[in-house]
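Below is one structure; the comments refer to it alone.
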Amino acid sequence: MSSRARVLILNAALGPLDYRVPAGMDVAPGSIVVAPLGPRQLLGVVWEAERMPSDAEVGDNRLRNLLAVADVPPLGAPLRRLIEWTADYYLAPPASVLRMSLASTSALEGARTATEYRATGTIPPRLTPQREQALERIGDRQGLIRELAQLAEVSDAVIRGLVKVGGIEAVEVDIDSPYPVPDPLHHVPVLSPDQRAAADSLVKGVADHIFTPTLLDGVTGSGKTEVYFEAVAQAIRDSRQTLVLLPEIALTEPFLKRFHDRFGYEPIAWHSGLRSTQRRRAWRAIASGEALVTVGARSALFLPYRDLGLIVVDEAHETSFKQEEGVHYHARDVAVMRGKFEGCPVILASATPAIETRQQVATGRYAELKLPGRFGVAEMPTIEPIDLINEPPERGRWLAPRLVQAMQATLEKREQALLFLNRRGYAPLTLCRTCGHRFQCPNCTAWMVEHRLTRRLACHHCGHAEPTPRVCPECQGEDTLVACGPGVERIADEVAALFPEAKTAVVTSDTIWSPAKAAEFVDRMEAGDIDIVVGTQLVTKGYHFPNLTLVGVVDADLGLDGGDLRAAERTFQQIRQVSGRAGRGEKPGHVFIQTHSPAAQVMQALITGDADAFYAAETEARKDAGAPPFGRYAAIVVSSEDQRCAHDTANLVGRSAPQVEGMHVYGPAPAPLAMLRGRHRYRLLVHAKRALDVQDVIRAWLGTLDWPSKVRVTVDVDPYNFL
Ligand code: ADP
Ligand code: ZN
């Protein structure tokens, strides 16, 4: 019997440490413990020593005692393997990954009880009539003294008296009330034959309980949600847990509603907006296995589900699944790994799957189920380009005449229209008409964006904001500032001028910042309280408004510059998703795409709807360039508030790059965002063959180097953001 335990403590700067397990304490791998570190007490998890080497081997006599074990189930082996894999793959400290699992400290403090009271069932002798009546009124109900007193219409003292004479007793109850169990039979839809076939296959996967990643590829409005709900129903019947990952917190509210319609109860929602008591309750229910269905953004991925039977990644192509801070992981890819370790099916649902995912299907690693048509009578919308060179908007306007006419016709039919422009604020650039002064963020290499609604100039990278000045700070000219280019607020102004009677809503992260705000927007749309929506990418996802029949893409070319490797793919996905909002009910939908280059391949693919040809060409181009998924990238970003330091360290990293067959290092060069949040940034880009274990190479390479503590070096494996 060893009384030693290796513990991964929640301190990213330290590796795992060994502790003594005092007599009478029981721990096993996965146990969550409290360990001393210097004068402090830290949370940690007991780990298999052979899987987590420690470079601080300590003799038995110098070990410190573990202080406590949390009264919650140990983290399961599949989750421990996932934490190891994530740390290894994304070059992150295991403690940083573990922190995402232990996401509620209050949950670890054990069951919390409150004292409630109820009748004992025996009636004490010689009761006063008042006490007797009180007991009668209380019956078999249970509650706090005050609650019982109110029920019985007596004072608290009467209840206390009854406790003393044995008519009422105290009981300890758990403060975390249980969650209701969703009902698979609550409202069973009648599926179309295509849907039925896909659902049957998914249900079988859940019943078999083996790891099978499956791409559920269905056009917008084909009923992907209804189909994967059948798989969720099977997991519920098997009393196994399901995790549904959604890309955006704003999407959860409509999802909860649909879930409620199908299963009679809402699932557990896990997101950053939870209060600490809600987090605690959810975490404990997830760990005990009581929480059968959890829906959340990417942070829900590392929670300690006791028995996962199914993972669904909805809108799996969304780039917001990529975490850009702390541990730089991609939730879609980690979800597949979790399914692998748990031995359960993983469903990736999308109308516009990522090239990486399609490639997994092509090579047979993922299965594929297709839903080729829209559900019911709904047809795919018509899509027409508007060539901005031949049919330009009027001077100082952004909407071409043909789009304006279509909006007019839509309003006359009392239907709804959506204008899509992926740019928050009023104008992306503000300058002085007299001297040409431009407003730059003091912390970032970025122009300030004018927000007229809040009368501010804001930086979209660091959040810095200041009141829009009336006087140019450079030439002191008054009222000389002009806005260049459009943002959604400016489009909303144009709409208000064109259609003064129409009710318009601007939908961006500035206006929809919580699930409640999203729900309010959905309600207003459904009630017909909005005629025209002007929105950013936030409106491209998930929403289903049957009366929305017109979509106008204000600037389809916007996402194409910048030269990032996924620019065309992302443009295609975004515009196809937003087009997919049109005509989802009985009324046909129409989409207009304003572009300067209607002949471009991506525009042609959108207009003809030939996704396969577009993807084939994109895939070929990626293959030629050795870009993902055929090759791999990793970005190394060196940053510091001290430019000299950042520069010198970046050069040191560059000079020390190892010569490895199949790997090439570009840079260092100033990052496109050369300054971000006050830090100067340099970037190295590692490009490698797919077969190369590039993480091993980078670990060895950076492991030998030393840099000043004011420099930060971060590695982004499989980067999405090339800024
Ligand atoms: P997707 O996620 O593929 O865009 P949804 O699951 O949102 O599609 O389905 C589009 C609409 O059609 C939703 O309102 C949904 O409730 C409805 N729908 C889909 N399939 C069915 C079905 N079998 N029975 C009833 N309604 C359905
Ligand atoms: Zn900034």
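Figures for the structure shown
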| read-out | value |
| --- | --- |
| Any hit, the stretch 263-278, residues being at pLDDT below 90, assigned to a helix (DSSP H, G or I), more than 16 Å from ligand 1 (Cβ to nearest atom) and in contact with a Ser or Thr (Cβ under 7 Å, 6 or more places away or on another chain) | yes |
| Cβ-Cβ under 6 Å pairs, at least 6 apart or on other chains, the stretch 10-32 side among the charged types (D, E, K, R), far side crowded, with 19+ Cβ neighbours inside 10 Å | 18/6 |
| Output for the stretch 361-405, where each listed residue is of a type in the set (A, V, I, L, M), outside any helix (DSSP H, G or I) and either surrounded by fewer than 18 Cβ atoms within 10 Å (Cβ to Cβ) or within 16 Å of ligand 2 (Cβ to nearest atom) (or both) | 367, 377, 389 |
| Any hit, the stretch 540-548, residues being part of a helix (DSSP H, G or I) and modelled with pLDDT under 95 | no |
| Out of 510, 557, 564, sole residue that is surrounded by fewer than 18 Cβ atoms within 10 Å (Cβ to Cβ), without any contact (Cβ under 8 Å) to a residue 60 or more places away in the chain, over 24 Å from residue 221 (Cβ atoms) and not aliphatic (A, V, I, L, M) | 557 |
| Selection count where residues are touching a helix residue (DSSP H, G or I) at 6+ places or on another chain (Cβ under 7 Å) and assigned to a strand (DSSP E or B), scope the stretch 5-39 | 4 |
| Test: residue in the stretch 406-423 that is at pLDDT 95 or above, of a type outside the set (A, V, I, L, M, F, W, C), part of a strand (DSSP E or B) and more than 30 Å from residue 225 (Cα to Cα) | no |
| First in the stretch 441-466 and closer than 13 Å to residue 680 by Cα and β-branched (Val, Ile, Thr), second anywhere and assigned to a strand (DSSP E or B) and away from ligand 1 (no atom under 16 Å from the Cβ), Cβ under 7 Å, 6 or more apart | 445/673; 445/674; 445/675 |
| Single residue of 634, 605, 657, 688 found to be on the phi < 0 side of the Ramachandran plot, in contact with a helix residue (DSSP H, G or I) (Cβ under 7 Å, 6 or more places away or on another chain), buried (at least 16 other Cβ atoms within 10 Å of the Cβ) and part of a loop (DSSP other than H, G, I, E, B) | 657 |
| Residue in the stretch 113-124 that is away from ligand 2 (no atom under 16 Å from the Cβ) and in a helix (DSSP H, G or I) present | no |
| Scan of the stretch 298-311 for residues that are buried (at least 20 other Cβ atoms within 10 Å of the Cβ) and either within 13 Å of the chain's Cα centre (by Cα) or more than 27 Å from residue 284 (Cβ to Cβ) (or both), ordered by number | 298, 300, 301, 302 |
| Whichever residue in the stretch 425-447 is touching a Pro at 6+ places or on another chain (Cβ under 9 Å) and under 22 Å from residue 674 (Cα atoms) and, among such residues, is farthest from ligand 1 (Cβ to nearest atom) | 437 |
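Residues checked against (1) surrounded by 16 or more Cβ atoms within 10 Å (Cβ to Cβ); (2) at pLDDT 90 or above; (3) within 16 Å of ligand 1 (Cβ to nearest atom); (4) under 28 Å from the mean Cα position of the chain (by Cα):
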residue: 159; (1), (2), (3), (4): yes, yes, no, no
residue: 203; (1), (2), (3), (4): yes, yes, yes, yes
residue: 208; (1), (2), (3), (4): no, yes, no, no
residue: 212; (1), (2), (3), (4): yes, yes, no, yes
residue: 220; (1), (2), (3), (4): yes, no, yes, yes
residue: 228; (1), (2), (3), (4): yes, yes, yes, yes
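The values are calculated or read from the model by the stated rules, or taken from the named source; none is laboratory data. Owing to the predicted nature of the structure, the values given are computational and were not obtained by experimental measurement. Note that we place each Cβ from the backbone using ideal geometry, even for glycine, and neighbour counts take in every protein chain shown.
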